[in-house]
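The values are calculated or read from the model by the stated rules, or taken from the named source; none is laboratory data. Predicted model only: the values in this text are computed from it and were never measured. As a convention, Cβ positions derive from the backbone with ideal geometry for all residues, glycine included, and neighbour counts pool all protein chains shown. Side chains included, ligands, DNA and RNA excluded: accessible areas come from the protein's heavy atoms. Shrake-Rupley method; radii C 1.70, N 1.55, O 1.52, S 1.80 Å.
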Amino acid sequence: MKLLNPPSRSILKLSSIDSLCELLEVKKGHLLYICYKRADDLKYQSFEMPKKRGGFRKIDVPQKGLRVIQQNLAKLLEENVEFKSCVQGFIKKRGILENANLHKKSNWVLNVDIKDFFGSINFGRVRAVFIAKPFEMHPDVATVIAQICCFNNYLPQGAATSPIVSNIVASTLDNRIIKHIRSHRLLYSRYADDITISAKRVFPREIAHISEGNTIIGEDLANIFSRASFEINDKKSRLQSKYSRQEVTGLITNKKVNVPAEYKHKLRTAIHHWIDNPVEAERKYYIDILGLKVEDAELTGDGSKLKRNIYGRLSFLAMVKGNDDPTYVKLILKMAKHDPSPPKFIKPLKEQYQMYDVFLCHASEDKAEIVEPLYNELNKLNIHAFYDAKEIGWGDSLIGTINKALLKSRYVIAVMTDKSVGKAWPQQEINSVLNGDISGGTKRLLPLIHGDKETILGNNFLMNDKLYVEWNNNPAEIAQKVQALLAQKAEQTN
């Protein structure tokens with residue numbers, strides 16, 4: 001952490017409460033009244049929120065004038081303070097995704113959690129950090145700032161000042177850990193109370209090791225936490241090798257940054273229940289699953305609270321995986337189909353994913369002999385087919401365009417020949433469709449085989465139970481079969 005010292009709003013060596021009030025744009029009498037005279041129950045409104053892994057988190061929300069003063073102070077501190085790149089929480093253009101990206105493809109990942117992070121930062125620590133370098137404020141000014149920031153002798157979760165003040169206080173911890181691990185060439189980052197240390201090679205035993213299935217933090221590292229007045233939550237400490245699931249701030253980092261499978265599963269379940277019965281789904285989620293009391297849950301009469309929650313989780317999925325991720329697109333379109341008042345971005349998304357009748361999956365070697373004549377025959381019957389040579393233009397995203405086309409195709413014709421056996425790209429497309437079939441999607445894969453059937457099917461064992469059509473230079477016949485399938489599907493839908 002370093003002080004930026006902006007010329008017009010500098011807090012370096014702030015010498016008087018009057019100067020502080022000028023920077024915060026508040027009258028001195030009003031500030032002192034709110035800090036020292038106003039009753040605690042008028043300063044904050046407190047409630048509990050359930051944690052993801054059980055238990056409850058106390059939230060203290062500042063009221064009226066105090067809230068404005070805290071917002072102004074937080075903005076002032078942001079203008080004056082710059083944090084090291086290891087600090088990933090509560091800073092613009094940094095977050096859990098950027099934090100996870102730092103540690104992906106590591107041999108070892110150590111997670112360490114600080115117990116009661118905000119609660120362990122008390123009035124005295126806040127006051128002391130602003131008296132010390134680099135701020136060097138007058139003790140009276142530091143006292144007032146600590147009074148603005150603290151409630152019942154801790155940093156309240158819900159106050160605008162708590163994130164940046166906690167990062168300022170924790171900077172000493174960051175510096176000491178970085179110095180301690182520097183010789184081992186380890187990577188360190190901190191997102192609020194969630195600390196990650198990763199190694200591209202061997203993880204030093206003196207930093208942490210696994211004994212009888214438990215992660216043991218090295219004595220010197222543990223002492224760094226205690227000397228900085230933080231306590232490690234031993235129950236949440238875990239050292240993970242590349243052969244197990246490595247998780248950083250809730251995201252999987254083994255090969256690429258990904259969302260845990262259980263997150264997607266819970267999201268699918270929430271969408272299914274909301275579509276089936278929005279009101280009951282909302283009640284079940286907030287009362288039965290999260291454990292909120294009815295009077296605290298603020299349930300709606302139409303399930304709209306859960307709907308907003310679902311769209312928020314979908315946005316998180318898109319942030320991590322991208323807007324063209326097949327799972328995200330499938331789930332967002334499913335919500336859009338049943339939501340009478342979807343967000344504004346849904347309409348262009350629905351137009352973008354209008355259905356193809358058939359997707360032609362093939363290797364480049366089969367284009368001229370099979371795919372081109374089949375595509376032409378499908379066109380003659382007004383069957384809307386996706387053929388990459390016709391649909392993907394110069395500068396388009398190859399993977400993104402194909403993923404979208406696979407999602408919005410009613411059928412997929414998999415051209416499988418002696419030339420294409422073992423080719424990675426068409427096989428990846430086939431597996432994508434097969435995975436949808438197995439997980440409960442519509443069975444829509446149509447194998448088209450040309451060559452040694454036993455060899456071709458032997459390389460695609462998941463397709464052994466699917467009927468196939470053989471290519472005998474008969475594109476018109478195959479196109480007619482597709483037309484019949486589409487007509488049959490239309491009848492079933494109606």
Among [x] 0.95; [y] 0.98; [z] 1.08, the value of Rg/Rh (Cα atoms, Kirkwood Rh) computed for this structure carries the label [z]
If you average the C-alpha positions of region 112-131 and of region 352-387 separately, how far apart do those two centres end up, in angstrom? 63 Å
Antiparallel bridges, percent of DSSP beta bridges restricted to the chain (to nearest 5): 65 percent
Report the calculated FRET efficiency for LEU97 and LYS37 (r = Cβ-Cβ distance, R0 = 45 Å), to the nearest 0.05. 0.55
Sequence neighbours fewer than 8 away in the same chain don't count; with that in mind, list the lysines whose C-alpha is under 19 Å from LYS93. LYS2, LYS75, LYS84, LYS104, LYS321
Helix 64-80 sits off the longest principal axis of the Cα atoms of the chain, rounded to the nearest 10 on a 0 to 90 degree scale, by 80 degrees
Spin-label model distance (nm) - ALA389 vs ASN376, 7 Å beyond Cα toward Cβ: 1.0 nm
Karplus couplings for region 253-261 from phi (6.51 cos²θ - 1.76 cosθ + 1.60, θ = phi - 60°), rounded to Hz, Gly and Pro as x? 10, 3, 10, 9, 6, 9, 8, x, 4
What does the convex hull of the alpha-carbon atoms of region 1-109 project to on average, in nm²? 10.3 nm²
The chain: calculated mean residue ellipticity at 222 nm from DSSP helix runs of at least 4, using -39500 (n - 2.57): -13000 deg cm²/dmol
With a 1.4 Å probe and all protein chains left in place, how much accessible area per residue does the chain have, in Å²? 53 Å²
State the extension gain, in nm to one decimal, for the chain segment bounded by SER304 and LYS58, taking 0.36 nm per residue of separation less the distance between their alpha-carbons. 86.1 nm
Spin-label model distance (nm) - ASN473 vs SER226, 7 Å beyond Cα toward Cβ: 8.4 nm
Could you work out how far helix 304-321 tilts from the main Cα principal axis of the chain, as a 0 to 90 degree angle to the nearest 10? 80 degrees
Taking Cα atoms only, helix 162-181 is inclined relative to the longest principal axis of the chain by an angle, in degrees rounded to 10, of 80 degrees
